[in-house]
Amino acid sequence: GDKVFLNYIIDNSGLEENLYVIDCGWKGNIPLFIELAGVFGIPHLIMYDEDENKVTKDTDHKNLNKNIIDKKNKFTLDILSFPKNLEDYIGFEKTDTYSKPLLILNQLRDRKLKKEHRDVFINFLRK
């Protein structure tokens, strides 16, 4: 869902063509991707859900969030995180994982993204 969201912003905002959105699978993989980008000298931006107050069996979200911040390197241009999740931050309807991308895309096409939120993401992606 987050990848669909960012790709839509990139495609509909006149941003540079050399931006690529990589889905890390889940938050626990982000530190590995940060490290990999650093090893190859690839400038990168990080966006993730903090999942504040989310109780998940066998998942320590506070520790995962800290690991992401701790892996930041000289090629990490910025980190954007949301206390709960992207949908909560932008005021979009939420759904299960499988239909999340389609629901986000439909809400974007229905122009439900507020200008102030759109501007936050455009400014983030321009770094």
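This table checks each residue for (1) surrounded by 13 or more Cβ atoms within 10 Å (Cβ to Cβ); (2) farther than 18 Å from GLY1 by Cβ.
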residue: ASN18; (1), (2): no, yes
residue: THR76; (1), (2): yes, yes
residue: ASP110; (1), (2): no, no
residue: LEU113; (1), (2): yes, no
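Filtered by the rule that a residue be farther than 23 Å from ILE122 by Cβ and of a type in the set (Ser, Thr, Tyr), the range 1-57 gives a lone residue, THR56. Condition test on PRO31, is it in contact with a Gly (Cβ under 9 Å, 6 or more places away or on another chain) and in contact (Cβ under 8 Å) with a residue 40 or more places away in the chain? It is false that PRO31 is in contact with a Gly (Cβ under 9 Å, 6 or more places away or on another chain) and in contact (Cβ under 8 Å) with a residue 40 or more places away in the chain. The set of residues in the range 29-74 being surrounded by fewer than 17 Cβ atoms within 10 Å (Cβ to Cβ) and at pLDDT below 95 consists of GLU52, ASN53, LYS54, VAL55, THR56, LYS57, ASP58, THR59, ASP60, LYS62, ASN63.
Results for (1) β-branched (Val, Ile, Thr); (2) part of a strand (DSSP E or B); (3) within 16 Å of the chain's Cα centre (by Cα); (4) on the phi > 0 side of the Ramachandran plot, shown as yes or no for each residue.
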{"residue": "ILE9", "(1), (2), (3), (4)": "yes, no, yes, no"}
{"residue": "ASN18", "(1), (2), (3), (4)": "no, no, no, no"}
{"residue": "PHE33", "(1), (2), (3), (4)": "no, no, yes, no"}
{"residue": "ILE42", "(1), (2), (3), (4)": "yes, no, no, no"}
{"residue": "LYS62", "(1), (2), (3), (4)": "no, no, no, no"}
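The values are calculated or read from the model by the stated rules, or taken from the named source; none is laboratory data. Here the structure is a predicted model, which means the values were calculated and not measured. So basically every Cβ, Gly included, is an ideal-geometry build from the backbone, and we count neighbours across all protein chains shown.
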